[in-house]
1. Please work out which residue is nearest to the chain's Cα centre (by Cα), limiting yourself to region 172-208 and to residues that are part of a strand (DSSP E or B) and of a type outside the set (D, E, K, R).
2. Pairs only if they're at least six apart or on different chains, beta carbon under 9 angstrom, first in region 419-431 and farther than 20 Å from Tyr392 by Cβ, second of a type in the set (A, V, I, L, M, F, W, C) and assigned to a helix (DSSP H, G or I); list them, first residue then second.
3. Taking helices (runs of 4 or more DSSP H) that do not extend beyond region 1-95, which have at least 1 residues that are farther than 23 Å from Trp368 by Cβ and in contact (Cβ under 8 Å) with a residue 12 or more places away in the chain?
4. Inspect region 163-176 for any residue being without any contact (Cβ under 8 Å) to a residue 12 or more places away in the chain, within 26 Å of Lys237 (Cβ to Cβ) and either of a type outside the set (Phe, Trp, Tyr) or crowded, with 16+ Cβ neighbours inside 10 Å (or both) and give the result as yes or no.
5. For region 311-334, enumerate the residues that are among the β-branched types (Val, Ile, Thr), touching a strand residue (DSSP E or B) at 6+ places or on another chain (Cβ under 6 Å) and within 18 Å of Val376 (Cα to Cα).
6. Go through (1) surrounded by fewer than 21 Cβ atoms within 10 Å (Cβ to Cβ); (2) at pLDDT 95 or above; (3) farther than 22 Å from Ile400 by Cβ one by one and return the number of the condition Glu189 breaks.
7. Please specify each residue of region 366-408 satisfying the condition of being within 23 Å of Phe84 (Cα to Cα), surrounded by fewer than 21 Cβ atoms within 10 Å (Cβ to Cβ) and aliphatic (A, V, I, L, M).
8. Return the residues of region 415-455 that are under 13 Å from Phe358 (Cα atoms) and among the β-branched types (Val, Ile, Thr); say none if nothing qualifies.
Amino acid sequence: MIESLLVANRGEIARRIIRTARRLGIRAIAVYSEADADLPFVTEADEAVLIGPPNPAQSYRNAEAILAAAKSTGAQAIHPGYGFLSENAEFARTVEASGLIWVGPDADAITAMGDKINARNLMAAAGVPVAPGTTDPAADLDAAVAAAAEIGYPVMVKAAAGGGGMGMGVAVDEAALRTEYDKVRAFAERMFGDGSVLIERYFPRVRHVEVQILGLADGRVVALGERECSVQRRNQKLVEESPSPAVSPELRARLLAAAVRAGEAVGYRNAGTVECLLVPRQRDSEGAGSGSEDFFFLEMNTRLQVEHPVTEYVYGIDLVEEQLRVAAGLAPTFDPDALTPSGHAIEMRINAEDPKRFLPGPGVVKTWVEPTGEGVRVDSGYTEGNTVTPFYDSLLAKLIVTGDTREQALERARSAVGAFRIEGPKNNVAFFAELLENGEFLSGAYDTGIVGRMR
């Protein structure tokens, strides 16, 4: 097993990785920016290194500073968490070229799946369903208009190098396409340094479901069930649950088999997620989708996901430990041929944002009281007295609730949300209290438009 691990991240995910590392007897090393000096992950690590000012480009995205910290502390491996450098193929290559262990998929897999058009083409070749769309970038506006006419409106205009729900726009006709194409292309060039644009069929009422995969050290790829991620704002997730209330045993078998094929197509190792869209087959009286007749590959995230805890509960494993074992060339703690999921888990992302408009609201944490009780887990990045700054993602904590059934998990979720007290920065706890009384969500027959309908 790895003996010393540098965590190239911050906040709740850094704490999460450090917790597993210390349980396994691995020396945990944190890196931090000047803005994060007082956060819990810094003090909980065995060693911590200041790597720069608050600006992520000068700290958490500063590959040279992170590698220098690894060298000075004698780290054997680097875990990137999610975000920042986690899906940076060049950084992964540099880590390995430096003689360190990279806890994640190899750089070639990151590269292959980092471009949405290339990923679509690879998946189609592997027999994974993809939505109608372009096989090459729409080089200019005329090419985009021609592609949309062939695909059929409405279409989604996507930054090929984008991710995390960023760099997307919907066009219902040619006039809208002309506006969205220029907007998305400019955004992509500014944010990703790549203005390539993909045109894809847009489905107005869909569910967002993803499959957790794990590429093992022996070359096998296994699927660890699915997660429902349809509660979103601005194409970014707020709630995830496993198993999905929309997925039948027959659909689950097809989804998991497709996800395994996706991983095998790129020789995937370590943890990753295959994200898909489920197209509704029928609707209830309120118009919400209540089933699915098909699914399409959306993208593959070549890293650990924010929502990994719900899978950990359902499968009874520690995904960070499994990542470390794969990186060390060890067998998993579980039998890949005898996976037995059980129970239900729901995760809510507690963000420093207005619960109505979801606008960020940083500030000093004056009160922080986490809920406790059976089936309740909180993965937090902050505690009382810390300052939530505007430099990073607004995620404060993840509230995970579990139960033998979805109904029991929902009941525990209501109690846990009611007991979670945060004062100081704005926070969205009140939104979850509202969601947990929403009939559409409680029925399980919801889709990606549910937050918009609530507002």
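1. Among those residues, the one meeting the criterion is His208.
2. Note: pairs meeting the criteria are Phe420/Val429; Phe420/Phe432; Arg421/Val429; Ala430/Val417; Phe431/Val451; Phe431/Met454.
3. Result: 11-23, 63-73.
4. In the first step, residues of region 163-176 are kept if they are without any contact (Cβ under 8 Å) to a residue 12 or more places away in the chain; the result is 175-176.
Subsequent filtering for residues that are within 26 Å of Lys237 (Cβ to Cβ) retains 176.
Restricting the remaining residues to those that are either of a type outside the set (Phe, Trp, Tyr) or crowded, with 16+ Cβ neighbours inside 10 Å (or both) gives 176.
There is at least one residue in region 163-176 that is without any contact (Cβ under 8 Å) to a residue 12 or more places away in the chain, within 26 Å of Lys237 (Cβ to Cβ) and either of a type outside the set (Phe, Trp, Tyr) or crowded, with 16+ Cβ neighbours inside 10 Å (or both).
5. Thr311, Val314
6. Checking Glu189 against (1) surrounded by fewer than 21 Cβ atoms within 10 Å (Cβ to Cβ); (2) at pLDDT 95 or above; (3) farther than 22 Å from Ile400 by Cβ, the one that fails is (2).
7. Val378
8. Val429, Val451
The values are calculated or read from the model by the stated rules, or taken from the named source; none is laboratory data. As the structure is a prediction and not an experimental result, all values here were calculated from the model. Quick reminder, even Gly has a Cβ in these numbers, built from the backbone with ideal geometry, and neighbours come from all protein chains shown.
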